[in-house]
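Report on the structure given below.
The values are calculated or read from the model by the stated rules, or taken from the named source; none is laboratory data. Everything numeric here is computed off the predicted structure, so don't read it as measured data. Cβ: placed from backbone, ideal geometry, glycine included. Neighbour counts: every protein chain shown. SASA here: full protein model, heavy atoms, side chains in, ligands and nucleic acids out. Shrake-Rupley method; radii C 1.70, N 1.55, O 1.52, S 1.80 Å.
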Amino acid sequence: FKNGMFPNNSRYLNTIWTIGKMFRDSFSRAQKFFAENPGLFPSPIDVREWMWASAIIMSRSWGVKIPKTSLLMQKAERAGNDKMHILVPLADMVNHDAKARKVGISEGGAIVIYAGRNLAAGEEVCITYGDKCNMELMAHYGFFVPHNNKTTCEIDHILQKRMWEK
């Protein structure tokens, strides 16, 4: 697929293209890293394994600020980024409900999940993934919400801008 090959009304296809490009680019960089460090990765990783792992990280990770004391911070600052994605046991399994509260991240970096109301024993704990349209939910998390009132996607503006860049 080439950038901008889908018409403006094919938001879902453009999003899938963008995510696919990100997967392919990151897999190419990872293959180079694996080849340079064979002792760390003795068996080859194929593209299906890479896509599975990337999908898990994209759909279940938490974006948090990199602590200023972290060794990662120097590299992140050079790249113009101060966030990293982490998997948090138990919190990575919390599902979406648009009516739920957002998650809090404390100054110390701890992730705090607020129920927002008293829950009955055995009731599912949910958070909101944000005010997202079904195209964004499907592209990023693999599900959609029936009767979702959000019809304009945040990513629409990003994709439109990218489609017309030279």
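Count charges around S61 for me, please; just the other residues with Cβ under 13 Å from its Cβ, Lys/Arg as +1, Asp/Glu as -1. Net of charged neighbours comes to +1. Using a probe of 1.4 Å on the protein chains alone, the accessible area found for S70 is around 30 Å². Over 28 Å between Cα atoms: which of K68/K150; K21/K65; K68/K99 fall into that group? The answer is K68/K150; K68/K99. Distances between placed amide hydrogens fall under 5 Å for V88 paired with W62, all partners being 5 or more residues away or on another chain.
The heavy atoms of E36 offer some 120 square angstrom of accessible surface to a 1.4 angstrom probe.
Let me know the whole percent of all Cα-Cα pairs from region 25-64 that are separated by more than 13 Å.
Details: 455 of 780 pairs.
Summing the P(r) of region 25-64 above 13 Å gives 58 percent of all pairs.
Kirkwood radius, region 28-148, all distinct C-alpha pairs, inverse of mean reciprocal distance: 17.2 Å. In terms of accessible area, using a 1.4 Å probe and ignoring ligands and nucleic acids, R29, R101 rank largest first as R29, R101. Just the protein heavy atoms count here, and of the accessible area of region 83-147 at 1.4 Å, carbon and sulfur take up 56 percent. Solvent-accessible surface (1.4 Å probe) assigned to L87 amounts to roughly 90 Å².
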